[in-house]
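**Student:** The following block contains the structure, expressed as C-alpha cells.
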Amino acid sequence: MELTRAAFDDLRRSIHRLCGIVLTDDKEYLIRHRLEPVARRCGCRSFDEFRTKLAGSEAARLQEAVIEAITTRETAFFRDHHPFQALRQQILPELVRNRRNQGNTTGRPIRIWCAGAATGQEPYSLAILIHELAAASGADGSVPVDFSILATDVSTEALAAAKTGAYQRRQVERGLTAGQLHKYFEPCGDRWVVRPMLRKLVEFRRVNLIQPFNSLGVFDAILCRNVLIYFDEATRRAICGRFHAMLADGGWLLLGSAESLYGVSEQFASVRFGDSLVYRKTS
Ligand SMILES: C[S@@+](CC[C@H](N)C(=O)[O-])C[C@H]1O[C@@H](n2cnc3c(N)ncnc32)[C@H](O)[C@@H]1O
C-alpha cells in the first residue's frame with residue numbers, strides 16, 4: 001500500500017496526539033506493518049485515503065483501532081526480575097512497617113499503580129509478591145495489611161486480556177516459578193487462569209497517560225515501566241510531574257530498566273537497591 005511522505009507525517013502526528021507515542025523518521029515500517037491491516041479493513045487502498053477517513057465521520061472508532069495497532073504490549077511476569085527484588089526486600093516491607101507503626105492515618109489501603117500494565121502480568125506479579133510477603137510474615141497467609149493495585153492501560157484489548165487473567169503456557173513460563181504457577185493459577189483447558197486470591201487485589205481501568213489522570217487519587221508506589229520510552233521528553237516531563245503530585249510523601253516510582261528520570265524530573269531522589277535504580281518522592 002502506498003505511503004507518501006505527507007501521509008506518514010500526518011499519521012504520526014495523529015498518533016502522537018492520540019496516545020503520545022513518537023514515531024521517528026526511521027519508523028515508516030511501523031506504520032506500514034501495523035496500520036496497513038487497519039486501513040485495509042476499512043476499505044482504504046492507500047494511506048492517503050486512510051488519513052482522510054481518520055478525520056471523518058468514523059474518526060472515534062478508527063482512532064481506537066490506530067491506538068490498538070500502534071501500542072507495543074510486550075511484557076512478562078516479574079519482568080527484569082531485579083525491580084521485583086527491590087519491591088520484595090525493601091519497598092513493600094517498608095510500606096507495611098510504616099502502616100503498622102503509624103496506624104492507618106490515611107483511611108485508605110496501601111495503593112500501588114501499574115501505569116501501562118499491558119496484559120496484566122506486571123500487576124499480577126505484584127499481587128503474588130504481596131501474598132508471598134503475607135506468607136513470610138507467618139500469619140495465616142492472608143494479606144497483612146490492606147493493599148490495592150490499580151492497573152491501567154490505553155489499550156482496551158490489553159485490558160480485556162488482563163481482566164480475564166487467562167494465560168498461555170508460553171506466557172506463564174516467562175517469569176513464574178512452578179510453585180507460583182500452581183499456587184496462584186488454575187489450569188483451564190490450554191490456559192492458566194489467575195486465582196481469585198490475586199484477582200481481588202487488582203482493579204483494571206482504561207487510562208491514557210497523556211490525558212489528565214489526577215482524579216485517580218494518592219499512591220504509595222507507581223510502576224510505569226517500559227512506557228515512557230515511547231514518548232518525547234516534554235510528555236515524559238509532564239507525566240512524571242503528575243506522578244510526583246499523586247505520590248504520598250516517601251512514595252516510590254519504578255521505571256523500566258532502560259528508562260531514567262535523567263533530564264526528565266529533578267523532583268525525586270534516586271535510590272539504588274542492588275541492580276535496581278528506583279525513585280522516591282522527598283517531602
Ligand atoms: C511495553 S508495554 C509495558 C508493559 C509493562 N509495564 C512491562 O513493563 O512489562 C507498554 C504499554 O504501555 C501502553 N501505553 C502506550 N501508550 C500509552 C498511553 N498514552 N497511556 C497509557 N498506556 C500507554 C501500551 O498499550 C502497552 O501496554
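Here, each number is a calculation from the coordinates, and none is a lab measurement. All of these numbers come straight from a predicted model, not from anything done at the bench. Cβ placement follows ideal geometry from the backbone for every residue including glycine, while neighbour counts extend to all protein chains displayed.
**Student:** If you take the beta carbon distance between A59 and A178 as r and set R0 to 51 Å, what does 1/(1 + (r/R0)^6) give as a FRET efficiency, to the nearest 0.05?
**Tutor:** The value I calculate is 0.60.
**Student:** How long is the gain from F273 to E74 if the chain were fully straight, where each residue apart is worth 0.36 nm and the alpha carbon distance is subtracted?
**Tutor:** The span from F273 to E74 would gain 69.2 nm if fully extended.
**Student:** For each of K183, K281, count neighbouring Cβ atoms within 10 Å of the residue's Cβ, then give the residues from fewest to most.
**Tutor:** Least crowded to most crowded, the residues run K183, K281.
**Student:** Okay, moving on. Enter the Cα centre distance for the pair the range 234-283 and the range 41-57, rounded to the nearest angstrom.
**Tutor:** Using only Cα atoms, the two centres lie 40 Å from each other.
**Student:** Another one. What 222 nm value per residue comes from the helices of the chain, counting each DSSP H run with n ≥ 4 as -39,500 (n - 2.57) and dividing by all residues, nearest 500 deg cm²/dmol?
**Tutor:** It comes out at -11000 deg cm²/dmol, rounded to the nearest 500.
**Student:** Once you have the Cα-Cα distance between M197 and R45, take 0.36 nm times their residue separation minus that, and quote the gain in nm to one decimal.
**Tutor:** 49.8 nm
**Student:** Now, a different point. Modelling each spin label as a point 7 Å along the Cα-to-Cβ direction, I'd like the R17/R242 distance in nm, to one decimal.
**Tutor:** 1.8 nm
**Student:** A follow-up question, please. Does the chain classify as rounded, prolate or oblate by the C-alpha gyration tensor (a ≥ b ≥ c root eigenvalues; a/c under 1.5 gives rounded; else a/b over b/c gives prolate, otherwise oblate)?
**Tutor:** Here the chain falls in the prolate category.
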